[in-house]
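The values are calculated or read from the model by the stated rules, or taken from the named source; none is laboratory data. As the structure is a computational prediction, the values presented were derived from the model and not from experiment. Neighbour counts run over all protein chains shown; Cβ positions are idealised from the backbone, glycine included.
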Amino acid sequence: MIVKKPKFEQLHRYVELSSGNEQNICEITAIKNGEVIYEDYWHGYQHGDTLNTMSVTKSVMALLTGIAIDKGHIKSVDQRVLEFFPDYKVKRGEKTIYNVTLRHLLTMTAPYKYRSEPWTRVCTSDDWTKAALDILGGRNGITGEFKYATLGIQILSGVIINASGMKMIDFANTYLFEPLGIPSHKNADCSTKEEQFDFLMSKEPKGNVWFADPKRANTAGWGLALSANDLASIGLMCLQKGIYNGKRIVSAEWIDAVSTPYISLDEKFGNMSYGFLWWIINANKRNYAAIGDGGNIIYVNTEKGICVGIAGTFKPRIFDRVQFIQKYIEPLL
């Protein structure tokens, strides 16, 4: 249901006529105190249409990791990564990888053996998880330095698959999507380079899909297609400390864990902090967000009981919409 109130008409026109950062917004859903206050669409998008939410996928992976811990599949975030890959053959001379834990992956402090992410090397391989393990570690050891990595997070997908004995897509559908009222997802069928490029760049709705590698392991760093309503539902679950429609989805302790600031970042990252694959906007007020390229976002304002989901098509150099939400949406709620 699209909520049309006069006070929102100006916002709708502002986005519609924007020639700047907001011109790629396709959907917005805003919730306050558990109720949808605002729902709106642009560029022909309708209720339920989905977009590639880019790095918001990482934050969803953090929630799925918490669910795997709650269910006993994973003991703790301090387990070493290689415990989940007993058959992986470590390269000769490599020592650092043995000490990398899930905590390092979740806080983006894992070490990698590259200067820039080797997209072609990983994304043309037959097994993206193994290819990600191949770039983990290095001569410098574990320094605790923040190193934002999209390819390395693919390891988390393999961790959950191996720990639970379930396909990634089945785990997500069973324990997160369906309990939140998000339509059951399937793997995106993108076997060629052209199909992969189209998945990233096309401005058409994606359907209820999640990109997967040739081994059918879903991508952990990007590629999950969701609607703004889906994003807002995830935000509401987080706002309610892991509960949705009276049902416990993930532990309150895990929601606290993902929204705890572990690392303070500089101006390059908006002077925010970083939790477990979630960006911390205000540590004191526990305002945090899942942020993806193109301005895709799940925004959670614990103090005001507000969560906002925004989905848009890919547009370079748009990192987040926190300021847009705080300036244009929150005052209307």
Selection over the range 241-268 where residues are surrounded by fewer than 18 Cβ atoms within 10 Å (Cβ to Cβ) and either in contact (Cβ under 8 Å) with a residue 60 or more places away in the chain or among the polar types (S, T, N, Q) (or both) yields a count of 8
Within the range 132-173, restricting to residues that are hydroxyl-bearing (Ser, Thr, Tyr) and within 18 Å of the chain's Cα centre (by Cα), the one that is farthest from residue 226 (Cα to Cα) is 148
- prompt: Does residue 30 meet the test of being of a type outside the set (Val, Ile, Thr), part of a helix (DSSP H, G or I) and either in contact (Cβ under 8 Å) with a residue 40 or more places away in the chain or crowded, with 17+ Cβ neighbours inside 10 Å (or both)?
  reply: no
Inspect the range 297-305 for any residue being among the aliphatic types (A, V, I, L, M), in contact with a helix residue (DSSP H, G or I) (Cβ under 6 Å, 6 or more places away or on another chain) and either within 21 Å of residue 33 (Cα to Cα) or not in a strand (DSSP E or B) (or both) and give the result as yes or no.
yes
- Do we have residue 61 as outside any helix (DSSP H, G or I) and surrounded by 14 or more Cβ atoms within 10 Å (Cβ to Cβ) here? no
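Of the residues that sit in the range 280-296 and are within 14 Å of the chain's Cα centre (by Cα) and part of a strand (DSSP E or B), which one is surrounded by the most Cβ atoms within 10 Å (Cβ to Cβ)? Please lay out each step first, then the result.
Looking only at the range 280-296, we keep the residues that are within 14 Å of the chain's Cα centre (by Cα), and these are 280, 288-296.
Next cut, part of a strand (DSSP E or B) only: 280, 288-292, 296.
On the way: 280: 22, 288: 29, 289: 26, 290: 28, 291: 27, 292: 29, 296: 33.
Step by step, filter the range 280-296, then rank; the result is 296.
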Per the list (1) charged (D, E, K, R); (2) out of contact with any Leu (no Cβ under 8 Å at 6 or more places or on another chain); (3) at pLDDT 95 or above; (4) farther than 21 Å from residue 210 by Cβ, residue check on residue 121 breaks on (3)
Over the range 239-279, the set of residues more than 12 Å from residue 66 (Cβ to Cβ), among the hydroxyl-bearing types (Ser, Thr, Tyr) and in contact with a strand residue (DSSP E or B) (Cβ under 9 Å, 6 or more places away or on another chain) is 260, 262, 264, 273, 274
From the option list 9, 83, 22, 39, single residue qualifying as at pLDDT below 95 and surrounded by 14 or more Cβ atoms within 10 Å (Cβ to Cβ) is 22
The condition of being buried (at least 24 other Cβ atoms within 10 Å of the Cβ) and assigned to a loop (DSSP other than H, G, I, E, B) holds, among 231, 277, only for 277
Going through (1) touching a helix residue (DSSP H, G or I) at 6+ places or on another chain (Cβ under 7 Å); (2) assigned to a strand (DSSP E or B) one by one, residue 37 fails only at (1)
Q.
When you scan the range 192-214, do you find a residue that is farther than 23 Å from residue 24 by Cα, in contact (Cβ under 8 Å) with a residue 24 or more places away in the chain and part of a loop (DSSP other than H, G, I, E, B), even just one?
A. yes
Checked pairs for the range 67-90, first over 17 Å from residue 248 (Cα atoms) and assigned to a loop (DSSP other than H, G, I, E, B), second of a type in the set (Phe, Trp, Tyr) and modelled with pLDDT of 95 or more, C-beta under 8 Å and 6 or more apart or across chains, list as 77/276; 90/98
